[in-house]
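Notes follow the structure.
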Amino acid sequence: MLSPRNRMRHSAEFGLVMRKGRRAGRPALGLVYLASPPGATETDRPPRVGFVVSKAVGGAVVRKRVQRRLRHLMRDRVGHLAGGSLLVVRAKPLAASLGYDALAAQLDSALNAVTRPREKRVHDRR
């Protein structure tokens, strides 16, 4: 299970990440990553992860099962995030019907997309 010190719980943090973070979408998941919030240094806090599982995913039992799976998957992956970073994992309805391994593959793919450094675009102005 994901450590309590690595969980986001405040709506202000969720709002900050959703407004300013980098996004990556997959069929079953959407991730929003904020490398380091303003005013925080990497040694201030550990990386934290928040989960959003709406009623569109299913009933209460299904939503909780999806959330537990995502928390368990993130336990092994939170160490790869930068210190002080914030990540929101949003489950889409397809997440309820996917198996553990398929959900893990989509999570890994989306994590790689949001944490990889951005390539600088070179504009050719003529």
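Below, the figures for the structure above:
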{"read-out": "Candidate set from the stretch 54-84 (those that are among the small types (Gly, Ala, Ser) and within 26 Å of Ser36 (Cβ to Cβ)); member that is surrounded by the most Cβ atoms within 10 Å (Cβ to Cβ)", "value": "Gly84"}
{"read-out": "Only one of Val49, Val17 that is part of a strand (DSSP E or B) and of a type in the set (A, V, I, L, M)", "value": "Val49"}
{"read-out": "Hits in the stretch 85-102 - residues which are touching a residue at least 60 places away in the same chain (Cβ under 8 Å), of a type outside the set (Val, Ile, Thr) and either in contact with a helix residue (DSSP H, G or I) (Cβ under 6 Å, 6 or more places away or on another chain) or loosely packed, with under 15 Cβ neighbours inside 10 Å (or both)", "value": "Leu86, Ala91, Ala95, Ala102"}
{"read-out": "Considering residues of the stretch 64-85 that are outside any helix (DSSP H, G or I) and either among the small types (Gly, Ala, Ser) or modelled with pLDDT of 95 or more (or both) only, the residue nearest to Val53 (Cα to Cα)", "value": "Ser85"}
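The values are calculated or read from the model by the stated rules, or taken from the named source; none is laboratory data. Source: prediction; values computed, not measured. Don't worry about glycine lacking a Cβ; one is built from the backbone with ideal geometry, like all the others, and counts go over all protein chains shown.
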